[in-house]
1. Mind giving me the nanometre distance, one decimal, between the label points for residue 11 and residue 31, set 7 Å out from Cα along Cα→Cβ?
2. Starting from the Cα of residue 16, draw a straight line to each of the aspartates and glutamates and keep only those under 14 Å, dropping any in the same chain fewer than 8 residues away.
3. Straight distance only, please: which lysines reach the Cα of residue 75 with their own Cα at less than 23 Å, same-chain residues fewer than 8 apart left out?
4. Compute all pairwise cysteine Cβ distances in the chain, then list the cysteines with no distance under 4.7 Å to another cysteine.
5. Find, among the trypsin sites (Lys or Arg not before Pro) in the stretch 59-129, those assigned to loop by DSSP (not H, G, I, E, B) with at most 11 other beta-carbon atoms within 10 angstrom.
6. Would you mind ranking 101, 39 by Cβ crowding within 10 Å, fewest neighbours first?
7. Residues of the stretch 26-43 with backbone nitrogen within less than 14 Å of a virtual label 7 Å along the Cα-to-Cβ line of residue 128, please, listed as ranges.
8. Among the GluC sites (Glu not before Pro) in the stretch 32-129, which ones are in a DSSP loop with at most 16 other Cβ atoms within 10 Å of the Cβ? Mind listing them?
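Any read-out appearing in this document is the output of simple, stated calculations on the displayed coordinates, not a laboratory observation. The model shown is predicted, which means the values in this text are computed figures rather than measured ones. In this analysis, Cβ positions are derived from the backbone assuming ideal geometry, glycine residues included, and neighbour counts consider all displayed protein chains.
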Amino acid sequence: MLTKEEMEKLKAKLDKEAVNVCFFKGTEAPFTGKYLNNHEDGTYQCVVCGASLFKSDTKFESGTGWPSFFQPVSKDNIKEETDRSFGMTRTEVSCANCGVHLGHMFDDGPRPTGQRYCINSAALQFKAA
């Protein structure tokens with residue numbers, strides 16, 4: 001996990017939306033994220049610490065308005081916790097390395113996992129293959 005000082009330095013480098021999503025568990029507006037329609041080969045990383053989170057070959061068109069993936073690079077790279085905010089029960093997804101909020105996971109995705117990791121573009125950076 002990052003120290004408070006490290007987090008403050010990173011917040012200063014990120015745009016307002018990334019700070020809101022990553023540090024205040026916000027959500028970008030649907031169909032607005034920079035990676036929603038990205039179809040390049042590569043790896044999606046945490047915008048804060050650079051940890052590898054999702055590979056492009058696990059990305060799919062969910063129609064929900066956010067980049068969606070059916071599995072992470074490794075379950076060790078993400079942390080999942082129950083989120084009961086806004087009168088719903090969901091699974092929050094955060095970066096296991098630095099702890100920032102990424103999005104949510106739902107059990108309505110495609111095979112082979114049946115999972116849909118609905119991730120905010122603002123929490124990601126993309127490294128082309």
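1. For the pair residue 11/residue 31, the computed spacing is 3.3 nm.
2. List returned: 8, 28.
3. Reachable lysines: 25, 55, 59, 127.
4. 22, 118
5. Details: sites: 59, 75, 79, 84, 90, 116, 127; in loops: 84.
Filter output for the stretch 59-129: 84.
6. Numbers: 101 22, 39 8.
Ordered by Cβ neighbours within 10 Å, fewest first: 39, 101.
7. 38-43
8. Values: sites: 40, 61, 80, 81, 92; in loops: 40, 61.
For GluC sites (Glu not before Pro) across the stretch 32-129 that sit outside H, G, I, E and B with at most 16 neighbouring Cβ atoms in 10 Å, the list reads 40, 61.
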